Amino acid sequence: MNDLFLLEEFIREALLDEARKKKSKTKKKKSRKKKKTNYPSQYKAKGKRRKDLDKATRLAKSKDPAKRQAGYRKREKMEKKERSKKTFKNIPRHDSKK
């Protein structure tokens, strides 16, 4: 009888440990997720373009002047490439209509 009680107690502790481990893993996963940047709809930023825009933005916000310039150049190069496409349409700003 005593053996069954010990076995039951052991199983209960093992299940509780597993539940605690799962809980801590989900907390770790949530904290690692990168914040998704919402770009205006006219950017049509999905996949690789979104990643490149994120990288350029991160570089442009850097404290190092060389990284900041690299971010500006990267962004200008990407925008020039998008403007040269046949499907590009200039959408005027809502506030200035330019």
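Some observations on this one:
- For Lys23 and Glu82, a Förster radius of 30 Å and the Cβ-Cβ distance give a FRET efficiency of 0.10, rounded to the nearest 0.05.
- Taking the number of Cβ atoms within 10 Å of each Cβ as an exposure proxy, the fewest-first ranking of Leu16, Leu53 is Leu16, Leu53.
- Pairs from Lys23/Lys51; Lys51/Lys81; Lys44/Lys77; Lys23/Lys67; Lys46/Lys74; Lys21/Lys46 whose Cα-Cα separation, in the structure shown, is over 27 Å: Lys23/Lys51; Lys23/Lys67; Lys21/Lys46
Computed from the coordinates by the stated procedures, all read-outs in this text should not be read as laboratory data. All of these numbers come straight from a predicted model, not from anything done at the bench. FYI the Cβ positions are ideal-geometry reconstructions off the backbone, even for glycines, and counts take in every protein chain you see.
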